[in-house]
1. Mind checking which pairs have a first residue in the range 79-93 that is near the ligand (Cβ under 7 Å from one of its atoms) and a second that is part of a helix (DSSP H, G or I), Cβ under 6 Å, 6 or more apart or different chains?
2. Go through the range 106-120 and give me each residue that's within 9 Å of the ligand (Cβ to nearest atom) and modelled with pLDDT of 95 or more.
3. Would you check which residues across the range 18-35 are without any contact (Cβ under 8 Å) to a residue 60 or more places away in the chain and under 25 Å from Glu107 (Cβ atoms) and list them?
4. Identify all residues within the range 148-196 that are part of a helix (DSSP H, G or I) and within 17 Å of the chain's Cα centre (by Cα); write none if there are none.
5. Just give me the residues in the range 24-60 being buried (at least 20 other Cβ atoms within 10 Å of the Cβ) and over 21 Å from the mean Cα position of the chain (by Cα), in sequence order.
6. Quick one: Ser389 ticks every box in (1) surrounded by fewer than 18 Cβ atoms within 10 Å (Cβ to Cβ); (2) assigned to a strand (DSSP E or B) except a single one, so which number is it?
7. Regarding Ala97, is this residue out of contact with any helix residue (DSSP H, G or I) (no Cβ under 8 Å at 6 or more places or on another chain), more than 10 Å from the ligand (Cβ to nearest atom), among the aliphatic types (A, V, I, L, M) and not in a strand (DSSP E or B)?
8. Give the residue, chosen from Asp181, Asp189, Asp170, Asp160, that is under 20 Å from Ala59 (Cβ atoms), assigned by TED's automatic domain parsing to the domain that holds Tyr222 and surrounded by fewer than 18 Cβ atoms within 10 Å (Cβ to Cβ).
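The values are calculated or read from the model by the stated rules, or taken from the named source; none is laboratory data. Keep in mind that what you see is a predicted model, and the values were worked out from it rather than measured. Every residue, glycine as well, gets a Cβ built from its backbone with ideal geometry; the counts of neighbours run over all protein chains shown.
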Amino acid sequence: MSLEIRAIEPGEFEDMRRAMGLVFGSDPPQGDSRFERVLPFDRTRCVFDDGQIVGTSGAFSLTMTVPGSQVACGGTTAVAVLPTHRRRGLLREMMRAHLDDVREHGEPIAALWASDSAIYGRFGYGCASICHDIEIEIGRARWNRLAPDPAPARLVDRADALELAPPLYDRLRAVTPGFFDRTPVWWEDRSLRDSEPYREGGTGLRYVVVDGEDGIDGFATYRTKPAWDLHGAGRVVLRDLFAATPEAWSGLWSLLVNQDLVKTTGGGLRPTWDPVFDLLAGTRRAKATRLDALWVRLMDIPMALEARSYSSRIELIIGVSDPIGDVSGSYRLQAGTEGAECAPTTDEPSVWLDLEDLSSGYMGHARFRELARSGRVAGDAASIAALDSAFSWDPGPWCPEIF
Ligand SMILES: CC(C)(COP(=O)(O)OP(=O)(O)OC[C@H]1O[C@@H](n2cnc3c(N)ncnc32)[C@H](O)[C@@H]1OP(=O)(O)O)[C@@H](O)C(=O)NCCC(=O)NCCS
C-alpha cells in the first residue's frame, strides 16, 4: 500500500466528495455545492492509496470573532477516513498536515465542529463554546409578564432573505465571539442552503424578518414537519434565529411559538444565553440539551492571546502543555482592558494547563476554577481566579453554524 497526503487538484474533487459521502453516510445530492465554491482546494489534505482518496480534510479561510476583535482562522472541515482504512493513524497524519497548513497561513487559531467530542482534544483543540438544543411544548408556552411586546414579524422570500440577513448578521458578528465572516457565496450555498435532500421530511425553509430603523433587527429561518393526528402534532424546526433588540427577539420567538397544528418548536445551535428562557413564563417551558459546539486550537499562543481583549488586568506566567508538542512552554501574559502582551519566558509559571483547556477558555467559555476542581488545571488559586475574571466575556461565545 503506498499512501500519499496532499492537496487535491480541481479535477479530483468528485473523488473527495465520494469519499466524504461514504464516511458521513450520505449520497451527495445532484447539484449539491456546499464545498466547491467555498473550500480552497489547495487547503485540502487528502490521503491517497494507490491514487484513490481514502481520507479527506480541508480548511476554510475564515475570519473569526474573538473577545473584542477578529482573527484569521483555519476552519478545519471535511475530516473523514474510509471504513476500510480506520485506526491506522490516517487521521493523525492528516491533522499534522492540516495544522502545518494553518501555521503556514499565519492563522493564530484553528476551529472546527466535531462529529464526536472525544476526537480532538488529543490535537490541542478545546471545546470553546456550548450550544443548546431547545424544545418548547407549544401548548404550555405563555409569554412572561416582563417580556417586551413582540415586534411584528413578516415572512419574506429567499431573494429578500439573501439581501436583508447579511447586514444584521455582520452587526452581531462584530461583537459576538464565535461568529465568522460569510461571503455572498457562503450565504447562498451554506447558510441559506435549502435543497430537497437536506429537508429530512420538512417543508422548504421559511424566512422571517423583524424590521428595524436601518435594515432589519431580527432574522429567523425554520421548516415545519407536518404530522397529522386529531390535534395536529407537527413540529417547527428552527434553523437560524438572531436579533439585535429585545423586541425583535420577542417578535421572532413569539411567531415560532404561536403556530397552529404544531406540538413543539425547537432546534439546535442556540446560544446558552438565548433570551427565550426569560421571554417565556417559567423557564421549564423550554427544555435545553447541552452540546459541545465550536472547538478551537490556539496555533500561536502569543499571537492568539495578544489578539483578544480582556475584562480585567492580569499579569502571570502560564505553563502550557500541547499534546502534539508544537507550542508547549511557559508564557508571560500581561493584559488589561487596554491591550495585551504575551511572550515565551523561562520564568516559573503560577498556573499549569493543557493547550486543550487554554483553547477552551480563549473565547470566554471555560471556567479555569472549574477545571482546577476537576484536576485539569493546577497552580496558585489567586492566579487561576485572575485568569477567570480576565478571560470572561459578554456575550458568551456562540457559533451559529456548523462548518
Ligand atoms: C474519526 C475518524 C476521522 C478517525 O480516523 P482514523 O484514521 O481511524 O484515526 P487514527 O487512527 O488516526 O486515530 C487517531 C487517534 O484518534 C482516536 N480516535 C479515532 N476515532 C475516534 C473516535 N471516533 N472517537 C474517539 N477517538 C477516536 C484513535 O483512538 C487514536 O488515538 P491515539 O492516537 O491517541 O491512540 C474516522 O473514524 C472517521 O472518518 N469517522 C467518521 C467521520 C467523522 O467522525 N469525522 C470527524 C468529523 S469532525
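1. Pairs found: Ala80/Met20; Ala80/Val23; Val81/Leu90; Val81/Leu91.
2. Those that are within 9 Å of the ligand (Cβ to nearest atom) and modelled with pLDDT of 95 or more: Leu112, Trp113, Ala114, Ala118, Ile119, Tyr120.
3. Phe35, the sole residue that qualifies.
4. Result: Tyr169, Asp170, Leu172, Arg173, Trp186, Trp187, Arg190, Ser191.
5. Correct list: Arg45, Cys46, Val47, Ile53, Val54, Gly55.
6. Tallying (1) surrounded by fewer than 18 Cβ atoms within 10 Å (Cβ to Cβ); (2) assigned to a strand (DSSP E or B), Ser389 fails exactly one: (2).
7. Numbers: out of contact with any helix residue (DSSP H, G or I) (no Cβ under 8 Å at 6 or more places or on another chain): yes; more than 10 Å from the ligand (Cβ to nearest atom): yes; among the aliphatic types (A, V, I, L, M): yes; not in a strand (DSSP E or B): yes.
Yes.
8. After ruling out the rest, the residue left standing is Asp181.
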